[in-house]
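J.: Below is a structure I'd like to ask you about.
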Amino acid sequence: MFEFEYHIPTKIVFGEGTINKLGEITSSFGKKALLVTYDEKLVRSLGLFDRAMDSLKEAKIEVLPFFGVKSNPTVEHVRKGIEIAKAEKPDVLIALGGGSVIDTVKAMAVGTFYEGDVWELAIGEGEAKKAIPIITVLTIPATSSEMNSTAVISNDEIKRKEGFVDPLMFPKISILDPELTYSIPVLQTAISATDIISHLMEGYINHNDPWAPMQDRFAQGMIKTVIDCMDRLQKDPKDPQARATMMWVSTFAWNGFYVCGIGAFDMPIHMVGHTFSAFYDVPHGSAMSVSIPAVMKFHLKERIEKYSIFAKEIFGINGEISEKTAMAGIDALLDWYKKIGVPTNFKEANMPTNELDAMADDILITADHWEIETYNKEMVLSILKLCL
């Protein structure tokens, strides 16, 4: 175990019907809120917007809606939100949505008080000093953004996707109401499941601590739980136990908890997958279901023991610690991806294959920003070719 510090200042309000507490929760921050969410027609058709607004109106909160967040949130949209926030001066920002909405709100929260362009914060060329308080109402469990201080936004003009971290971006309170997820289509749920697993896999397969039973078993257990939830949801998309469990696993997958003590580790799954989304606007979970098997295959021979244990613990594969068993685990993961209907290669993700060189350069920019020194261009191109 390596030394670490761990602090999560976010309060979680979990349970069916907890969206009805939004007004009461918001009133503790003031009387004026800027509510950020997806396309207006979509959120109204699902009833999400009206339920949030009813609670806020009951608490006599003045609400300014800001619609239009897409699945890969853009800095262009964040800039528009910052303009509104600077003009209207809300007491609190409310994110009604999944990770894309929450990340948009986080960037708005720090960007409103930053004198330069918010993209400077994303690329580490500026420092935030203050933020508007954040409340989240989670509707799509996937990214853990509701309980961490990370935001990921894209710059469409230069085809870059950047993730940045700042303690000021921790949400103050996050409402986790599983009932809000009942209407999510099974395929979209599957894409979210792969996103959750990508966060669990990143630390699990990439750390170098020779003995980390607590962290490894936590990751194994949570991966198996996601698989179990998807089995139930494919039979009944509104299964309340599966929806609630998936939501809670998602929140804990990437809030810094299970990686405590394992020391520094690379993040090649996201290093590669972020480029897929930046270049082709691929949903984050779909980018991950393509990048994970490729990264695992690339590192197969040096991680035979770890992958063999993965095969045994996650998929119940019998066999000795061997390359054969390790590869069987990767094949089993690919089979599961196919079972739930998510892409496993460029073709299935509708990504062209004529920009591998440019993608490799972009991946190496991300590696540099994240201080990952393990990979060169030849290695990255090899991983990309394993995605074909």
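J.: With the checklist (1) under 15 Å from Glu202 (Cβ atoms); (2) in contact with a helix residue (DSSP H, G or I) (Cβ under 8 Å, 6 or more places away or on another chain); (3) modelled with pLDDT of 95 or more in hand, flag the one item His284 doesn't pass.
T.: Every listed condition holds for His284 apart from (3).
J.: Can you name the number of the only condition in (1) part of a helix (DSSP H, G or I); (2) open to solvent by less than 30 Å² (accessible area, probe 1.4 Å); (3) closer than 25 Å to Cys387 by Cβ that Pro343 fails?
T.: (1)
J.: For the stretch 125-225, please list each of the strands (runs of 3 or more DSSP E) lying entirely inside it that holds at least 1 residues being closer than 26 Å to Ile19 by Cβ, open to solvent by 10 Å² or more (accessible area, probe 1.4 Å) and among the hydrophobic types (A, V, I, L, M, F, W, C).
T.: In the stretch 125-225, 150-155, 173-176 are the strands (runs of 3 or more DSSP E) which contain 1 or more residues that are closer than 26 Å to Ile19 by Cβ, open to solvent by 10 Å² or more (accessible area, probe 1.4 Å) and among the hydrophobic types (A, V, I, L, M, F, W, C).
J.: A further question on this structure: Of the conditions (1) touching a strand residue (DSSP E or B) at 6+ places or on another chain (Cβ under 8 Å); (2) modelled with pLDDT of 95 or more, Asp156 satisfies every one except a single condition; which number is it?
T.: Here Asp156 clears every test but (2).
J.: Output the helices (runs of 4 or more DSSP H) that fall wholly within the stretch 15-92 and possess 3 or more residues being of a type in the set (A, V, I, L, M, F, W, C) and at pLDDT 95 or above, or say none.
T.: Helices (runs of 4 or more DSSP H) meeting the threshold: 48-58, 75-88.
J.: So, in the stretch 357-382, of the ones that are aliphatic (A, V, I, L, M) and either part of a loop (DSSP other than H, G, I, E, B) or under 23 Å from the mean Cα position of the chain (by Cα) (or both), which residue ends up surrounded by the fewest Cβ atoms within 10 Å (Cβ to Cβ)?
T.: Ile365
J.: Checking the structure you have, find out if any residue of the stretch 72-81 is surrounded by fewer than 18 Cβ atoms within 10 Å (Cβ to Cβ) and farther than 22 Å from Pro283 by Cβ.
T.: Looking for residues that are surrounded by fewer than 18 Cβ atoms within 10 Å (Cβ to Cβ) and farther than 22 Å from Pro283 by Cβ, one finds at least one in the stretch 72-81, hence yes.
J.: I would also like to ask the following. Within the stretch 1-58, which residues are among the charged types (D, E, K, R) and crowded, with 18+ Cβ neighbours inside 10 Å?
T.: Arg51
J.: Give the stretch 260-278 a look and list any residue that's open to solvent by 30 Å² or more (accessible area, probe 1.4 Å) and closer than 19 Å to Thr194 by Cβ, or say none.
T.: Selection gives Met267 alone.
J.: While we're on this one: Within the stretch 4-56, how many residues turn out to be over 25 Å from Glu83 (Cβ atoms), more than 24 Å from the chain's Cα centre (by Cα) and basic (Lys, Arg)?
T.: Within the stretch 4-56, residues that are over 25 Å from Glu83 (Cβ atoms), more than 24 Å from the chain's Cα centre (by Cα) and basic (Lys, Arg) number 2.
J.: Suppose we filter Glu40, Glu16, Glu24, Glu5 for residues that are acidic (Asp, Glu) and closer than 24 Å to Val165 by Cβ; which single one remains?
T.: Glu5
J.: Any residue in the stretch 368-388 that's closer than 20 Å to Asn345 by Cα: show its pairings with residues that are of a type in the set (Phe, Trp, Tyr) and at pLDDT 95 or above at Cβ separation under 7 Å, as long as the two are six or more apart or on different chains.
T.: Filtered contacts from the stretch 368-388: Ser382/Phe298; Ile383/Phe298; Leu386/Phe298; Cys387/Phe346; Leu388/Phe346.
The values are calculated or read from the model by the stated rules, or taken from the named source; none is laboratory data. Remember, it's a predicted structure, so these values are computed and weren't measured experimentally. As a convention, Cβ positions derive from the backbone with ideal geometry for all residues, glycine included, and neighbour counts pool all protein chains shown. We work out accessible area using only protein heavy atoms, side chains counted, and drop any ligands, DNA or RNA first. Shrake-Rupley method; radii C 1.70, N 1.55, O 1.52, S 1.80 Å.
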